[in-house]
1. Based on the alpha carbons, how large is the Rg to Rh ratio for segment A:255-405 when Rh follows Kirkwood?
2. Across segment A:391-400, in residue order, what do the Karplus-derived ³J(HN,Hα) couplings come to in whole Hz, using 6.51 cos²θ - 1.76 cosθ + 1.60 with θ = phi - 60° and x for Gly and Pro?
3. Counting pairs of alpha carbon atoms under 8 Å apart in space and at least six apart in sequence, what relative contact order in percent does segment A:15-145 give?
4. With no solvent and one equal point scatterer placed on each C-alpha of segment A:23-90, evaluate the Debye formula and give log10 I(q)/I(0) for q = 0.22 Å⁻¹, two decimals.
5. May I ask which residue of B:Met85, B:Gly32, B:Leu20 lies farthest towards the positive end of the charge dipole of segment B:9-86, with charges of +1 (Lys, Arg) and -1 (Asp, Glu) on Cβ and the Cα centre as origin?
6. For B:Lys57, enumerate residues with amide H under 5 Å from its amide H, sequence gap 5+ or separate chain, H modeled in the peptide plane.
7. With only Lys, Arg, Asp and Glu charged, each at its Cβ (+1 for the first two, -1 for the last two), find how big the charge dipole of chain A is about the Cα centre; round to the nearest 20 debye.
8. Can you list the aspartates and glutamates whose alpha carbon sits under 14 Å from that of A:Lys216, skipping same-chain ones fewer than 8 residues off?
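Bear in mind that the values in this text are calculations on the coordinates, not laboratory data. Just so it is clear, the structure is predicted and the values come from calculations on it, not from any experiment. In this analysis, Cβ positions are derived from the backbone assuming ideal geometry, glycine residues included, and neighbour counts consider all displayed protein chains.
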Amino acid sequence: MTDPRQAAEESERLLRFLYLCPVGLADVSASGEVRMMNALAVQLLMPLAHDGQMENLFHVLASVAPDLAQVVATSTADSGKLVQDRQLRVRVGGAERYYSLNLLRVEGDTYMAVVSDVTQVVLNEAITLEALQVQAVQEGRVEVLTSVLHDIGNGITGIGTRTAVLNATPAWEELEQLAKLAGFLRQRRALLEPALGADKTGALLSFADTVTTRLKARAEQWRDAITFYATAIAHVQQIINIQRQFIRGGAGAARGTFAVTELLDDAVAIQRAALEKRGVALVLDYASNLPRIEVDRTRLIQVFVNALKNVAEAFDTMENGPGRSLRIAVQTVPGDKLEIVFTDNACGFAAPDGLLAITRGQTTKTAGSGVGLHASAQIIASHHGAFTLRSPGPGLGAVCTIQLSLRQPSDPAVP
Amino acid sequence: MNFDHPNLLTELENATTGALDAADFGVVRMKGDGAVLAYNVYESRLSGLSPESVVGKNFFTQVAPCTNNFMVAERYQASEALDAMLDYVFTYKMKPTKVRLRLLKRAGAVEQYLAVVKV
């Protein structure tokens, strides 16, 4: 015989199990009449029962699943699932939530409904889908950009080759021949004067000298111009190569010892148009005799480009006006470190103690993804450096500080 | 004690555990975080849960999850002071039962109350 006290304890344990079951369960008839229901079912469904009535499940769910009575009525199965994992979008307390509904026939007039809140799952799926869409769009853009850069690169290479050929061409032979002719005439002056007269001979020699001198000057200008174009074209080619490396995700990136100021200049060259378009005055304050440093050139330029891009875009939220400035300072600091500081007077941001906690998705921009900042911090961390972004507050500008150790380990990690 | 009495909160605050057990409606006395301090006999009989198994547990998540939504639990959290009635459904022993709830909370008080009566 069962001990009554033991039976009561078992009964209470069973009740507690059902009360705390994390899924909503309801035993209903074919017409939706609720015979039994656990606590979670009430928690989930009560906000949908506008009249406070919970007698009939189909009535409670009428606004989001109006066909349940018909599904049951038209089903010919003796048992089994009639509704499987149907997603219901509901409004609960002014917020949108998602429920999952299963309805199964147990036997005869006994049906069981299973309801659970799957809002987080749906939101996660939406985030994943959005990320995939963004990735697809990005990949499409990258494809186009790669093609455009390839074409530009080919064009620039052709111009560069032609310019190099011009630069390598020896001095104009015609000029040398003209100079020789002038010298020959001068030597034969005594023979020419009887034939042409002294005045005309003098004028002829003067003319030959003048033409030679002027052509030499123009040749010099031409050579300077060609040298200038060759240098500029080489720089453009370098920038295009950097951009192509960015698109490939840094593949083929070169690690070596570089002057950080040269990398900064490259980054400025890439972002110069963006800064000029926004009327940002750029001040470069590089200390003299800065040591070269072992870095991943491409990735470091990527960080600098991103920092400059952030500064440029930070001015977009402000009214147009004079006085926009960006100062880039590079100096060595105690602890054998090289410090690069970007100081702007753009929109700034609010953050606890003025220091932005850089995590994936953290951004100071209204339309930013936060991926750039996080990636930059990771790249600097992979160089055993520190990346911080501070602001005294909204409207008060921002300071991005990058510190790189001058004592680089030989095998730093690459993110 | 009367469920509809305007001064019910004061009466509940002054009531001993014995007085709560004498009430002809359910009473749950809990801390501000939902931890149950007293669970009267009326409520215990309806739910089938003994007071000893309930005291110390969080009422909204560990005893009556049916109340863990914006209609009940979140109203306690959102209100400094509270005296509100609403028609609800409790699943006493899995049987949906119409009840009227009275949510009671005094500003600055350590304890809050839920009174329940079948309708």
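1. Working: Rg = 14.6 Å, Rh = 15.5 Å.
Value, to two decimals: 0.94.
2. Going residue by residue, I get 8, x, x, x, x, 10, x, 8, 10, 9 Hz, with x marking Gly and Pro.
3. On the way: 201 pairs, mean separation 28.6, N = 131.
Relative contact order of segment A:15-145: 22 percent.
4. Those come out to -1.05, one per q.
5. B:Gly32
6. B:Val36
7. Numbers: 38 positive and 43 negative charges, 443 e Å.
With only Lys, Arg, Asp and Glu charged at Cβ, the dipole is about 2120 debye.
8. Those aspartates and glutamates meeting the cut-off are A:Glu173, A:Glu174, A:Glu176, A:Asp224.
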